[in-house]
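Chemist: Handing you this structure, nothing more for now.
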Amino acid sequence: MELSMSENFGKIILMAGILLCIVGLLFLFNNKIGGFLGNLPGDYSYKGKGGSFYFPIMTSIILSIILTVVLNLFFWFFRK
């Protein structure tokens, strides 16, 4: 069964909205569930007299893996 352009666009908007809600809730409740985002082993931070530097390497890797899985599921859902 072939879906029309508006039905496909509707599904894309719905999936994007659900994903944004999940990400928003994750950031909203981050401190209440342990504050793991940005505090993982492997996240680099330096604080000196003149300023500070923070580079979340491990958080970036974990988010990359999660987004890869989510996007692969998304594209699998919409393939023909």
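Chemist: Tell me the label only: which of (i) 11.5; (ii) 6.7; (iii) 7.5 is mean projected area of the Cα convex hull in nm² as calculated from this structure?
Modeler: (iii)
Chemist: What angle do you read, to the nearest 10 degrees and between 0 and 90, between the alpha-carbon axis of helix 57-77 and the longest principal axis of the chain?
Modeler: With both axes taken from Cα atoms, the answer is about 0 degrees.
Chemist: Can I ask one more? Along the positive direction of the dipole of the chain (beta-carbon charges: Lys, Arg +1; Asp, Glu -1; about the Cα centre), which of G48, F74, C21 reaches farthest?
Modeler: Positive-most Cα among the choices belongs to G48.
Chemist: Right, something else. Compute the accessible area per residue over the chain, keeping the other protein chains in place, probe 1.4 Å, unit Å².
Modeler: Normalised by residue count, the accessible surface of the chain is 86 Å².
Chemist: Next question, about the same structure. With r defined as the distance between the Cβ atoms of V70 and Y44 and R0 fixed at 30 Å, what FRET efficiency is calculated, to the nearest 0.05?
Modeler: Working: r = 26 Å, r/R0 = 0.86.
Efficiency for this residue pair is about 0.70.
Chemist: Highest GNM mean-square fluctuation, the chain, Cα pairs closer than 10 Å: which of G51, G17, G42?
Modeler: G51
Chemist: What length, rounded to one decimal in nm, is gained on full extension from L26 through to L63, with 0.36 nm per residue of separation minus their alpha-carbon distance? Intermediate results must be reported in sequence, preceding the final value.
Modeler: Working: separation 37, 0.36 × 37 = 13.32 nm, distance 1.19 nm.
That works out to 12.1 nm of additional length.
The values are calculated or read from the model by the stated rules, or taken from the named source; none is laboratory data. All figures in this text were calculated on a predicted structure; none of them were measured in a lab. Methodologically, a virtual Cβ is constructed for each residue, glycine included, from the backbone with ideal geometry; neighbour enumeration extends over all protein chains shown. Calculation scope for accessible area: heavy atoms of the full protein, side chains included, ligands and nucleic acids excluded. Shrake-Rupley method; radii C 1.70, N 1.55, O 1.52, S 1.80 Å.
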